[in-house]
Amino acid sequence: MTNRQTAFITGAASGIGHATAVRLAADGFRVVILDRDHEKVERSVAALRASGHDAAGHALDVRDRAAIAQALDSQPRVDVLVCAAGIGPMRAFDEITDDDFRQVLEVNLIGLFACCQEAARRMQAGGRIVTVSSRAALGAGSFAHYAASKAGVIGLTRAMAIDLRPKGIAVNSIAPGFTDTGMTRALTPQQHAAASALEPAGKPADPSEIANAIAFFASPRTTFVTGQTLFVDGGKSLGGLGA
Ligand code: NAI
């Protein structure tokens, strides 16, 4: 079995997670794809292997702690965890139910917490955790539950960076802006056009832009950086649109 640095990536069967798997594999990591979509996991692993990369995959739900532990234990080492699994159903504030809210928190925040805790328990000094939050943590229309979950991810990232500092594990977050993935393609054409119009570039980012930033925090050369959130949003979080 290989002993190269191993990166586990949740939500890696599509979108930002998949682009991250491609980028980290190109950087020389063994990549392990964790995603609830069984068929897409198999396809992603096959595509990576066909390109000559070292890849494995597990179909699991990030809300299933036992399955996460089992997947992490399937490899001889855990060097990097990237938490990209997430859901973002758009809903008008007045229509969000308690169950809607709980579901988003369970995947985006509690599931992410379980992945981080299980991975950290298996990491040596020098390990790196990268969470994927969102620019929406600053506020986003018709996304109250999602924005709350992503603001939670930023707070959790900072807290984990403190708690894991004695173990030598760096924890950072990437906050993407509007990005061209399955999540945003699920919007209606009107919603998509409205969201694009709010972007400084007038269009969504390519997932590879986000993956490149994730790769920075996943690198063994950047472990002195911890507890940070990097907005990768074409400058939208700066405001001043149209100025
Ligand atoms: P995507 O829908 O293409 O990918 C999300 C992946 O997560 C899918 O493969 C899905 O099967 C997986 N997933 C969802 N729930 C899961 C669960 N319970 N257990 C395991 N896997 C699960 O969406 P995208 O855009 O690539 O999203 C990746 C991350 O980026 C998410 O956390 C999202 O909130 C975040 N994000 C996305 C933005 C965008 O504009 N696309 C903007 C800011 C943040």
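The values are calculated or read from the model by the stated rules, or taken from the named source; none is laboratory data. The shown structure was predicted, so the numbers you read here are calculated from the model rather than taken from an experiment. All Cβ positions, even for glycine, are placed from backbone atoms using ideal geometry, and neighbour counts span all protein chains on display. Side chains included, ligands, DNA and RNA excluded: accessible areas come from the protein's heavy atoms. Shrake-Rupley method; radii C 1.70, N 1.55, O 1.52, S 1.80 Å.
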Worksheet item: LEU164 fails exactly one of the following numbered conditions: (1) within 15 Å of the ligand (Cβ to nearest atom); (2) crowded, with 20+ Cβ neighbours inside 10 Å. What is the number of that condition?
Response: (1)
Fill in: Residue check for ARG77: more than 30 Å from PHE143 (Cα to Cα), in contact (Cβ under 8 Å) with a residue 24 or more places away in the chain and more than 14 Å from the ligand (Cβ to nearest atom)
yes
Fill in: Enumeration of residues in region 1-22 that are in contact with a Gly (Cβ under 7 Å, 6 or more places away or on another chain) and near the ligand (Cβ under 9 Å from one of its atoms)
THR10, GLY11, SER14, GLY15, GLY17
Worksheet item: Which ones in region 102-155 are within 15 Å of the chain's Cα centre (by Cα) and in a loop (DSSP other than H, G, I, E, B)?
Response: SER133, SER134
Discussion item. If I filter region 195-208 down to residues being open to solvent by 50 Å² or more (accessible area, probe 1.4 Å) and without any contact (Cβ under 8 Å) to a residue 24 or more places away in the chain, which single residue comes out as farthest from the ligand (Cβ to nearest atom)?
Written reply: ALA197
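Take ALA67 and decide whether it is part of a loop (DSSP other than H, G, I, E, B), within 11 Å of the ligand (Cβ to nearest atom) and either hydrophobic (A, V, I, L, M, F, W, C) or under 17 Å from the mean Cα position of the chain (by Cα) (or both). Step through it out loud before you land on a result.
Details: part of a loop (DSSP other than H, G, I, E, B): no; within 11 Å of the ligand (Cβ to nearest atom): yes; either hydrophobic (A, V, I, L, M, F, W, C) or under 17 Å from the mean Cα position of the chain (by Cα) (or both): yes.
When the stated conditions are applied, ALA67 does not pass them.
Only one residue in ALA170, ALA211 is crowded, with 19+ Cβ neighbours inside 10 Å and more than 14 Å from the chain's Cα centre (by Cα). Which one?
Exactly one residue qualifies, and that residue is ALA170.
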